[in-house]
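Take a look at the structure below.
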Amino acid sequence: MTESAEKQLSYSTDLLQSYPEVLDKSALQALEGMASLNSERLTLMKKRSDRRKQRFEEQKRIASVDLEG
């Protein structure tokens, strides 16, 4: 794997060599820029998973908006 101290992402050498026209320097920089958003996404997905698990355990349906009231 290729990685350095300042980078958050790592890629296998095979992947980078297989798709050089897609994973060029600007694409890798863009991905690195978006990597900081991943922790927020993981936190949100964990909360969502916890809510789903609780609904399943309590056999509750997803609450919907009351369109009449």
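The values are calculated or read from the model by the stated rules, or taken from the named source; none is laboratory data. The structure presented is a predicted model; accordingly, all values stated were derived computationally and were not measured. As a convention, Cβ positions derive from the backbone with ideal geometry for all residues, glycine included, and neighbour counts pool all protein chains shown.
Points to keep in mind about this one:
- Pairs linking a residue in the stretch 2-27 that is more than 19 Å from Asn38 (Cβ to Cβ) and among the polar types (S, T, N, Q) to a residue that is modelled with pLDDT under 95 and part of a loop (DSSP other than H, G, I, E, B), with Cβ atoms under 8 Å and 6 or more positions apart or on different chains, are Thr13/Met1.
- Near pairs, Cβ below 9 angstrom, 6+ apart or cross-chain, from the stretch 50-69 (free of Cβ contacts under 8 Å to residues at least 12 places away in the same chain and of a type in the set (Ser, Thr, Tyr)) to any residue that is surrounded by 10 or more Cβ atoms within 10 Å (Cβ to Cβ) and outside any helix (DSSP H, G or I): none
- Residue count for the stretch 20-63, restricted to those that are among the β-branched types (Val, Ile, Thr) and at pLDDT 90 or above: 2
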